[in-house]
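Only one structure is covered here, and it is reproduced in the block below.
The values are calculated or read from the model by the stated rules, or taken from the named source; none is laboratory data. These figures come from a predicted structure and were not determined experimentally. Note that we place each Cβ from the backbone using ideal geometry, even for glycine, and neighbour counts take in every protein chain shown.
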Amino acid sequence: MKRFKWPLQRLLDVTAQREQWLRREMLELSGRIAELRQDAARRRAVLRAALAELGALQIGRRLASQETVMACAAVKEEEIRGIRDRVEALELQRAEKKAQFLQARASRQSLEKLREQARQRYLREQARLEQKELDDRAQVTFARKVLERRRLPHPLGA
């Protein structure tokens, strides 16, 4: 029996590779988002610690350093807002990649379904051809036996 060869196999392979690539990109984006969120949380913790330290100071010392700490806090808050903006942008990219990934996966699954249907048709056709060949052999064998019987003299002498 000859080997099954599906004409769209290359398309299926490329689609599967694209799906894997998109999955990898989604995971990378998720990793970068997590890193940025951790960075923002770390910066917020440092800012809270500085404000708590400022609050623990005596009133005279607190007034002297409050202006500096508050200016620094404003800069840090701006940095945290910038990080949040980058996170939002990355989340939008991840959402786009997810949509592309889901589309690629649906395409791959459809192609796999079509391939399986084509393989089943191929197997049925091969079984039909094999059965036809067996039937032809049986007919030829039967015809040879009939011809051979006609050539041989009848055992009863008729």
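From the list LEU111, LEU134, LEU123, the lone residue that is touching a helix residue (DSSP H, G or I) at 6+ places or on another chain (Cβ under 7 Å) and assigned to a helix (DSSP H, G or I) is LEU111.
Test of understanding: among ALA40, ALA73, which residue is touching a helix residue (DSSP H, G or I) at 6+ places or on another chain (Cβ under 7 Å), over 22 Å from GLU96 (Cβ atoms), of a type in the set (A, V, I, L, M) and modelled with pLDDT of 95 or more? Steps first, answer last, please.
Working: ALA73 fails: modelled with pLDDT of 95 or more.
Answer to the selection: ALA40.
Of all residues in region 60-115, those that are surrounded by 14 or more Cβ atoms within 10 Å (Cβ to Cβ), among the charged types (D, E, K, R) and more than 38 Å from the chain's Cα centre (by Cα) total 2. Can you name every residue in region 88-145 that is farther than 14 Å from GLU19 by Cα, acidic (Asp, Glu) and in contact (Cβ under 8 Å) with a residue 40 or more places away in the chain? Scanning region 88-145 gives GLU91, GLU130. Residues in region 33-50 that are surrounded by 14 or more Cβ atoms within 10 Å (Cβ to Cβ) and more than 19 Å from ARG86 (Cα to Cα): LEU47, ALA50.
Answer yes if at least one residue in region 12-21 is among the charged types (D, E, K, R) and under 15 Å from ILE80 (Cα atoms), and no otherwise. No - not one qualifying residue is present in region 12-21.
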